[in-house]
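The values are calculated or read from the model by the stated rules, or taken from the named source; none is laboratory data. In this text, all values refer to a predicted model and were calculated from it rather than measured experimentally. FYI the Cβ positions are ideal-geometry reconstructions off the backbone, even for glycines, and counts take in every protein chain you see. We work out accessible area using only protein heavy atoms, side chains counted, and drop any ligands, DNA or RNA first. Shrake-Rupley method; radii C 1.70, N 1.55, O 1.52, S 1.80 Å.
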Amino acid sequence: MASSDTAVRETIAIVDTNFFVGLMQVVRSFDELADFVKGMQVSFVENNITMVLCSRVMAELDRFDPTLVMYLEINFKVQPPVDVNKDSFYLNLKWINSQRKKDARWFNVGEVTDLEIITVAKHLHDDLTARGEGLDVVIVSNDEGVQRATEYFLKGLVKVQDPAVFLTVLLGVTDSKDVRDEIAATARRLFQYFTSYRTSMGRPPIRQLDAFFGEIQNAIRLAREDIEPFFKQGTIQAFERYMITGEPFQKGVVAYEPALAIVKGLLTLPDDEFLGAIDGRLHELFLAFNTLARSLKEPTDFTRFYNYIAIYLIRLYLDAFKRCFVGRDLPSSYKYVALAKSLVQGMANQPSAHRLYFSILIAEATFSIITGFTDSNYVAATIDFLANAIKKHQLPSLIPPDQVYLLIAILHYKNGKDIELTNAAGRDCEYGETGLRCTREYFGGLLLHIEQFCDELTSFGQHDLALKILLQVYKVLPVDTDEAARVEGKIYLICLIMQQSIPSCVGDVFPKSWEQTSEPLEEENIHESFTSLDAASRAYRSQIKILSYNATTKEYLCWIYPLKSRFNLIIPPEVEIKAPTILKELKLQSGSIRVTPTSQAKGHTTEVRGTIELGKDCHVQLRYYEEKFFTLNLI
């Protein structure tokens, strides 16, 4: 057993395909992979952890490495396949996923493996509960669909952990130093691998700001659970079935349908219609409330119902807040978050209102810091309130203090203030009259969150604020460290996008030879006539970063990563770019291109290495700044 003062709770870990695929990418040989899995198995035995593999996970792994599948089958339990034609939970999960808006689905409609993983987790939990065995069930996966669907269907029953996080937990309970060292090294490599993979797929590595909205999402669900005991048995379930599937009401609750129909209608409106309809439809909701109040015999019945539907109103206001924010309508955005907050204040007698209020307050403070829309004194007062809540142990237990400290750090850096770092041992952090102070050990973790926040800012086009924060951070980082190198790279790329010179504090890090824009273009990278992408230089098949758009010439300035160079990019009208001013990156998938060096590309004032011209037959994958910033996918 692990040498810990507290016994480790017995756990069943259901491992997704991506865990092993990631391992295969970060080890050098099968023998190294087998040794690592063997060490992991020792730690499992020490700590009462049982690893379970689903049959379709094994089928997917078989396409990568049949030898690994044989090894896993010998050493770990493999669950029988779920009957996808008869299993009621599986079929319900599949059906509800298919009924969601296309961009809000957890999985592709034809997905099987992810659904099986969640179904196996549900059945294992039910079986253990029926036998009176108090085991934890954990799914090890970094798949966002698995995470969100599990949160929706199995909240409080099954946890989902990122592979790197799972290994970090394992690290803390493993006796053998050799195994601990190997787990630590592998966890770091896995985190780097998955971060790079998500970035290459056009998905932010960790949407730190979305985590704030995740807190709101969880709080809203808890609030609905709080209200359920005040209704007759089955009433809330009838409301929910109507809201999700449109199932008709029974006679006893049909009076509530007009009000619910208005809310349901707003929830299902397309994005381009929602903002134009919300205010008018909510005026109609007031009239529906008035009619309902007169028709109910017991006044308390209306109060209960209003408390229930208020949760949906909060969701609608927050949806409007997010959409107005993305659309740069800051006055409307602030109006809607204020309305959501005022509704929560009116629910102060509900147990979950406390957490919901703090979650909205954090999101509001984030909005204020990024946009500068609200008065700086208001933001400072909010930060002080949140910091005092930590000191007085008033912060809801399910909201991590790290979220508050991150906001404090970002506000400090935005205002040009430094964070005081101490050499004391431990991971202490505090906010007082002199500002934010923390140990260097704590700052190491906080730095990752700050970088992720800045990644989100650049995703939203806020490069100037991201650069200001990163320059402040860079001043306190020891030279020649991984952290310093990472921040230097981010600073350089932002400067490229903003077309400004490298700040003097990092200027000597990048010698003139680092960027190769001024170098002659090699013969293998020149294509005087249109050339099939398959036959063209591999340099043009990687992600192409857009630095700027010239509305006069209809051309782009871009960055080609393998060549460390700037190019002009010409995209013909046949290749549709819906929003050229916010195009972030593109990847060529097929078609033809022509590449001419600078000496033959006349009429350009910007220093570039050449001009890339896409053929009319090109197919491209596009990424734009912004629309997934502050996501709030609630049910």
The range 285-325, accessible surface, carbon-and-sulfur percent (1.4 angstrom probe):
57 percent
Calculate, for ILE570 and MET498, the FRET efficiency according to 1/(1 + (r/R0)^6) with r their C-beta to C-beta distance and R0 22 Å; round to the nearest 0.05.
0.45
Ignoring ligands, DNA and RNA, what percent of the accessible area of the range 1-133 is carbon or sulfur (1.4 Å)?
50 percent
Show me the ranking of peptides 58-68, 305-315 by mean Cβ neighbours inside 10 Å, starting with the highest.
305-315, 58-68
The answer for the range 271-363, accessible area per residue at 1.4 Å probe in Å², is 45 Å²
If you stretched the chain out fully between GLN394 and LEU91, how much longer would it get, using 0.36 nm times the residue separation minus the C-alpha to C-alpha distance?
104.9 nm
Which length gain, in nm to one decimal place, applies between VAL42 and VAL479 when the Cα-Cα distance is subtracted from 0.36 nm times their residue separation?
153.4 nm
So what is the accessible area of the range 1-97 per residue, in Å², with the probe set to 1.4 Å?
51 Å²
Sorted by mean Cβ packing within 10 Å, highest first, what order do the peptides 33-41, 568-576 take?
33-41, 568-576
Test of understanding: what is the full-extension gain from THR67 to PHE286, defined as 0.36 nm times their sequence separation minus their Cα-Cα distance?
72.4 nm
Under a 5 Å amide H to amide H cut-off, with H placed in plane at 1.01 Å, what residues pair with ASP617 once short-range neighbours are removed?
SER592
If contacts are Cα pairs under 8 angstrom and at least 6 residues apart, what is the relative contact order of the range 252-341 in percent?
25 percent
Per-residue counts of other Cβ atoms within 10 Å, averaged by peptide: what ranking do you get for 77-86, 334-343, highest first?
334-343, 77-86
For ILE390, what accessible surface area do you get with a 1.4 Å probe? Give it in Å², rounded to 10.
30 Å²
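Run the accessible area of the range 453-595 with a 1.4 Å probe and give the carbon-and-sulfur part as a rounded percent.
Reported share for carbon and sulfur atoms: 50 percent.
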